[in-house]
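The values are calculated or read from the model by the stated rules, or taken from the named source; none is laboratory data. Small disclaimer: the values here were computed from a predicted structure and weren't measured. In this analysis, Cβ positions are derived from the backbone assuming ideal geometry, glycine residues included, and neighbour counts consider all displayed protein chains. All accessible areas refer to the heavy atoms of the entire protein, side chains included, with ligands and DNA or RNA removed. Shrake-Rupley method; radii C 1.70, N 1.55, O 1.52, S 1.80 Å.
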Amino acid sequence: ADELVIFAVNKDLKDSNTLSMDLRQFADYRILEHLVLHDEDLYAVNTEADPNRIAPVTSADSKIQDGKLTATLKHKSWNMIRLGRA
């Protein structure tokens, strides 16, 4: 499908981190989506009463500029960044 998928986890309990990657070899790729799974409560779970307590949300905290991907990863988060040909 000419896609590149990046999975990144930020285990820091307090601070966001910046992910940066050199993507010059994928010059014609763009960000298709950036999904984030995050909650302040590390023990939060989905239940029958609240089935959507934890769910991935779309993030706009990533960009590609001059062949370099930068993304802000929230503290205590799982991230999926999907890239594809423009």
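Descriptive notes on the structure:
- Among the residues of the range 45-60, those identified as open to solvent by less than 100 Å² (accessible area, probe 1.4 Å) and within 24 Å of Ala1 (Cβ to Cβ) are Pro56, Val57, Ser59, Ala60.
- Here Ser20 fulfils each of the conditions (1) farther than 15 Å from Ile81 by Cα; (2) of a type in the set (S, T, N, Q); (3) assigned to a strand (DSSP E or B) apart from (1).
- Residue within the range 23-42 that is of a type in the set (Gly, Ala, Ser) and touching a Lys or Arg at 6+ places or on another chain (Cβ under 7 Å) present: no
- Top-ranked residue in the range 23-44 [being of a type outside the set (D, E, K, R) and part of a loop (DSSP other than H, G, I, E, B); ranked as surrounded by the most Cβ atoms within 10 Å (Cβ to Cβ)]: Leu23
- Count - residues of the range 45-79 that are assigned to a loop (DSSP other than H, G, I, E, B) and either of a type outside the set (Gly, Ala, Ser) or in contact with a helix residue (DSSP H, G or I) (Cβ under 6 Å, 6 or more places away or on another chain) (or both): 16
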